[in-house]
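The values are calculated or read from the model by the stated rules, or taken from the named source; none is laboratory data. Please read these numbers as outputs of a predicted model, since none were measured by experiment. Using ideal geometry, Cβ is built from the backbone for each residue, glycine included, and neighbour counts are taken over all protein chains shown.
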Amino acid sequence: MEIKEVINKSLFFLGAGFSKPADCKTSSEMLDYLKKYIQNDSEESIFDNIEKETLNFLLSCLSYHCEWRSIQSGGKFKFFPNIEELILLIRRIRDRENYLPYPVTGNWADKLVQLETDFNSQAIKKGYETNNIFESIESKIKKELLKIWLNFDQNKLSYLNSLKEFFQYYPYELFCLDIYSINYDLVIESYFKEAGIWMGFSNGQWVGLESEPKLEEEKRRINFYKLHGSLNWLRNTANDIWEKEKWEKQNRVEQEEQNLEHNPFIIFGQGIKSFSVEPFFSMINHFRRLLEEKDYFFVIGYSFFDPYINNLLISATLGTNKKIFIVNPEFGPEEIYKEEPNNEFGECQFSEYKQKLAEYIKEIQKNSFYSELPEFNVSYVKPDSLIYIPWETEKFIKKYFLNGGNLLIKGIEKFEQERKEIEKPFE
């Protein structure tokens, strides 16, 4: 197969694990950082004592609920809390939504009411920006801590070298990787700036995906779509979306800066409500369309804890022979990812691993903690559509893109042959 055909059949989806080698923290690592941070009595802490007490209460609740979910699975799976689950819980309490996990709904709820009352009084006395404790906590995590957690080390981007060399191997071939990400960090756009990236922005302002330049007109190698936004995106009250660097170069006056509605402009935490606004609505529809067009989905460093994304990925495989390649060194039950792959493609050789992974994803899809209407989530996962590669990101990139993507081509050719035998057995 020609490399252009292989790339045109492939789609790449990135989760937090993809940026971990650059020192960006994963969701669970962010939560661990927060736990230690609120135990620090430093006067420089961004949280006051009432906020710290509230966070300790919520963290206890999350730990309880993760253990409960693990027990509900019959001990087959072990779940651990992460920062996005904390944000989801904070929003549900703030908005007084119907579903809240125990123990928030038990007698402990009285404690939250008292904490809210105490914070409200303190906020009025000291002139805080908001007198809602949950709005305050979420804002501080999003605007202050997230930047720290996703600050990457420029000296640790060498794990992407093999991908850059892959582009250089084909200087005249017209192809472009379609990459979707739910990460907010700037690793990809920073490292591949010279390779050329299309993200839906022109001169720093969002212009929409329909404005994508023709590949023949430029030398770009990556179409990069950040489904949940980015640390350097801004939105003003006029609904204009900008990249922060270009916004600042426009010499905006202070009055205009005060009109910024979201800084950064990101969807933080699980949930589907925000997808009805731009640019998220356009990107998610574009994602769905390409899932229908392409056949091989390489899902790297994603833990499948977003049912909305899962619905799209899973639905695209039903009734087809499309494949989801899950690249993650620790995904699902330990008995699977601890098995050492013994084939050149890195695929797990555990005899029943596909069925077990399908059950694991189904448990997430059915759980009412992750989505408001879990009964509508796609819960049937086709086991044969799953290919599990328990490799770290760096190893996968090096193996699959070395020597002009020889292993990538070989792998797609293998599955294309299997597909042909199934769909057209007499040809």
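Please indicate, with yes or no, whether at least one residue in the range 198-220 is surrounded by 15 or more Cβ atoms within 10 Å (Cβ to Cβ), acidic (Asp, Glu), outside any loop (DSSP other than H, G, I, E, B) and out of contact with any Lys or Arg (no Cβ under 8 Å at 6 or more places or on another chain). Checking the range 198-220: not a single residue is surrounded by 15 or more Cβ atoms within 10 Å (Cβ to Cβ), acidic (Asp, Glu), outside any loop (DSSP other than H, G, I, E, B) and out of contact with any Lys or Arg (no Cβ under 8 Å at 6 or more places or on another chain). Going residue by residue through the range 256-278, is there one that turns out to be of a type outside the set (Val, Ile, Thr), modelled with pLDDT of 85 or more and out of contact with any strand residue (DSSP E or B) (no Cβ under 9 Å at 6 or more places or on another chain)? Looking through the range 256-278, none of the residues is of a type outside the set (Val, Ile, Thr), modelled with pLDDT of 85 or more and out of contact with any strand residue (DSSP E or B) (no Cβ under 9 Å at 6 or more places or on another chain).
Among the residues of the range 371-396, the one identified as closer than 21 Å to Ile336 by Cα, charged (D, E, K, R) and surrounded by fewer than 15 Cβ atoms within 10 Å (Cβ to Cβ) is Asp384.
Taking the range 280-339 and the helices (runs of 4 or more DSSP H) fully enclosed by it, no element has 3 or more residues that are crowded, with 22+ Cβ neighbours inside 10 Å and polar (S, T, N, Q).
Scanning the range 339-392 for residues that are over 22 Å from Leu408 (Cβ atoms) and of a type in the set (D, E, K, R) gives Glu339, Glu352, Lys356, Glu359, Lys362, Glu363, Lys366, Glu372, Glu375, Lys382. Annotation: of all residues in the range 397-411 being farther than 17 Å from Lys164 by Cβ and out of contact with any Phe, Trp or Tyr (no Cβ under 6 Å at 6 or more places or on another chain), the one that is surrounded by the most Cβ atoms within 10 Å (Cβ to Cβ) is Ile409. If you take the residues of the range 1-50 that are over 25 Å from Gly411 (Cα atoms) and of a type in the set (Ser, Thr, Tyr), which of them is farthest from the chain's Cα centre (by Cα)? Ranking the qualifying residues of the range 1-50, first place goes to Ser42. Residue check: Leu231 meets all listed conditions (1) in contact with a Pro (Cβ under 9 Å, 6 or more places away or on another chain); (2) surrounded by fewer than 18 Cβ atoms within 10 Å (Cβ to Cβ) but one, namely (2).
The listed residues are Phe345, Phe350, Phe401, and the only one of them that is part of a helix (DSSP H, G or I), of a type in the set (Phe, Trp, Tyr) and farther than 28 Å from Arg91 by Cβ turns out to be Phe401. Exactly one residue out of Glu67, Glu85 is surrounded by fewer than 19 Cβ atoms within 10 Å (Cβ to Cβ) and either closer than 26 Å to Leu357 by Cα or modelled with pLDDT of 85 or more (or both), and it is Glu67.
Sub-9 Å Cβ pairs linking a first residue in the range 141-156 that is free of Cβ contacts under 8 Å to residues at least 40 places away in the same chain to a second residue that is part of a helix (DSSP H, G or I) and surrounded by 18 or more Cβ atoms within 10 Å (Cβ to Cβ), at least 6 apart or interchain, are Gln154/Ala22; Gln154/Tyr191, ordered by first then second residue.
Filtering the range 129-150 to residues that are among the hydroxyl-bearing types (Ser, Thr, Tyr) and at pLDDT 90 or above leaves Ser136, Ser139.
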